[in-house]
Amino acid sequence: MRTLRIVLLGLALLVLANLWVRQGALITLSCQVAMAVPPVPALAALLLLLPALRLLRRVGLDRRELIAIYCFLTLAVALTSGAAMRFFLPSLPTPFYFASPENNWADFHDLIPTWLAPRDTDVVRDYFEASDTGAVPWGAWLMPLSAWMLFFVAFYGLLMSIILVFQPVWERDEHLAYPMAELPLMLAGYRKVTRGLWLNGAFWVGFGLICVHTLLNILNAFNPAVTALGLETNLGNLLHERPLTALRPLVFRYRPLILGMGYMMPSDIVVSTLLFYFVYLKGLQLGGAIAGVGVPRFPLYREQSTGAFVGMALILIYGARARIKEVFSRLAGRGKGSPLLPGALLACAAIVYIFWRAAGMNGTVILAYFGVMIAFALSYARGRAETGFPHHWIKPLDQERNVLINFLGTRALAPRGDMRTLTLLSTTHFLSRGYLPQLVAFPMESFKIAGQVNIPLRRMVRLMMLAVILGSAVSWWMHLSAFYQYGANVLEGGTTSGGQRVALMRRSYDALAGWMRVPEGPNPNEITATVVGLVIVGALAAVRRVFISFPLHPMGFLFSLTGAGENGWAMLLLVTIVKSIVLRVGGMRLYHQVLPFFLGVIVGHFFAAGFVWSLIASFGGEGFNKYPVWF
């Protein structure tokens, strides 16, 4: 396998994918293909290249290299998405452009190092308002982007090293399924159960049904007289009176990807997710309304999920303690294997720490902030490894920063009025509100794929690190060129003050200005909810350790409090009913016979909505963006 050839072809496809994202996600706001799991351009490249495999073999490309290109694109394209680099870039010029005497943002300008963000007035203004020539002032951006590239390379190097520590335990000892890694392997014919997939009638039935569903939705968007399921049915509209209104939101969302992947998810996690969502979470909402609980945002599910994610990470660390000890003993020359992995982990951790100490962040806060962030990423990666749930937002939003404020308060984070640490926590809001740390699940799945198709692990690690570097660089080129040509104020759905990502960063800096005036926290209710989530996950894990057949899975508790519960309960409930009937009637033999149908659902959704329609909506003009594609 020739890495250079893979990188060159992958880079060409990456540039095309970024141009697709530029048009669809920034200019027309008609699709978010890079947010999909896996990203639409990555799967589209695999599906387009596989039929041409005979021709590609003449130029030296084989099936393994096509899989490697797919792996490269999953991470590199995902980095350009709305909650990744598109969220990162506005964090730099926003505090300078929107500063005014009323918001007092100028008070913390000097607390942001000059090497972290450009602050030249013309450079910042043209970012938001477009420059006369449309040219990007790369000289002003070179230093901050170089510094940030160092951080991102070290950060992802740290996350990948941690995954490489845990992955042998998850694969060899616990035999996790990695359903999302299985998807490209099944489509490429590496699995016996799906050989002949493209001639399987059940596959084309699933494919066709989803294409018809998408077509009817598109026609309905242009002509409401056309009957279509749409994207969702709001059951909360049926709940008009107290206390039943406390059960809102309750939305039946039609998510073909969740339906398709749900068939391959472990049943105990799916059932646990549904039970915890309806019995625990909705029960707390209803019970709180009946009892007149006056706690704002009760039952504080984000804070509970924070405790659950941290608790799950601690459980995973405990479960892998022998592996962790074996890996780090290599540094002393006692363990088997190369000391490269623990050395890389410690080196990357040291770079991340030194980077933020040099920026001015308190050392203890660095350890706590990135410790929580790593815990979230580890727990999310474990959830993807077990279930393959195709959704990035299975994480507690904003909580890496908020948990510090809830437990310590902003006064403790700004001793003697020194606001540098709080300012940097606000600048890095894109890390806690977005999903950049969770993208390590793509390298995790690529490492699994590498073992299945005989790609050397070291080559796949290098390929993933190149995906970080090239994915970031191409994304910065694409976004900055668009912002300086059109102005960030009007892109991504903005009018005069930026789109969603700019609005989120403005909110972050508004909160910082508020903390400068009035300190916040500690917050006893949020602390209690966090501890409750941690205790529940710990208790569930302990019970399952004693009683192996105990039906409730701690991962189901995590899922119920995050995107899997709110966004996925409808499809998970439907697929649970279908799967139980299939297993009861025909056992595993019928399960495998029905599997191509659900693969057809997945591929059909990517093809019809993610590929065909998103291209039409992106490049067809204003009249074609009435049916936006949000993965």
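Structure values in brief
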quantity	calculated
The listed residue being in contact with a strand residue (DSSP E or B) (Cβ under 9 Å, 6 or more places away or on another chain) and either in a loop (DSSP other than H, G, I, E, B) or over 30 Å from Ser549 (Cβ atoms) (or both), out of Thr233, Thr245, Thr227	Thr233
Residue in the range 565-575 that is in contact (Cβ under 8 Å) with a residue 24 or more places away in the chain, among the small types (Gly, Ala, Ser) and either surrounded by fewer than 23 Cβ atoms within 10 Å (Cβ to Cβ) or over 30 Å from Ile405 (Cβ atoms) (or both) present	yes
Close pairs (8 angstrom Cβ cut-off, 6 or more residues apart or separate chains): within 15 Å of Tyr277 (Cα to Cα) and touching a residue at least 60 places away in the same chain (Cβ under 8 Å) in the range 242-256, of a type in the set (D, E, K, R) and assigned to a helix (DSSP H, G or I) anywhere	Pro249/Glu566; Val251/Glu566
Total residues in the range 540-560, condition at pLDDT 95 or above and either hydrophobic (A, V, I, L, M, F, W, C) or within 21 Å of the chain's Cα centre (by Cα) (or both)	12
Unique match (being surrounded by 14 or more Cβ atoms within 10 Å (Cβ to Cβ) and not in a helix (DSSP H, G or I)) among Pro519, Pro551, Pro596	Pro519
Ala117 vs. criteria out of contact with any Lys or Arg (no Cβ under 8 Å at 6 or more places or on another chain), small (Gly, Ala, Ser), in a loop (DSSP other than H, G, I, E, B) and without any contact (Cβ under 8 Å) to a residue 12 or more places away in the chain	no
Verdict on Leu413 being in contact (Cβ under 8 Å) with a residue 60 or more places away in the chain, out of contact with any His (no Cβ under 6 Å at 6 or more places or on another chain) and at negative phi	no
Candidate set: the range 599-631, residues that are assigned to a helix (DSSP H, G or I) and out of contact with any helix residue (DSSP H, G or I) (no Cβ under 8 Å at 6 or more places or on another chain); chosen: the one surrounded by the most Cβ atoms within 10 Å (Cβ to Cβ)	Val612
Among (1) touching a Leu at 6+ places or on another chain (Cβ under 6 Å); (2) within 30 Å of Val629 (Cβ to Cβ) - the single one Phe309 does not satisfy	(1)
Output for the range 63-83, where each listed residue is surrounded by fewer than 24 Cβ atoms within 10 Å (Cβ to Cβ) and either touching a His at 6+ places or on another chain (Cβ under 9 Å) or in a loop (DSSP other than H, G, I, E, B) (or both)	Gly82
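The values are calculated or read from the model by the stated rules, or taken from the named source; none is laboratory data. Just so we're clear, the structure is a prediction, and the values are computed from it rather than from any experiment. Ideal geometry is used to build each Cβ from the backbone, glycine not excepted, and the neighbour counts take in all protein chains shown.
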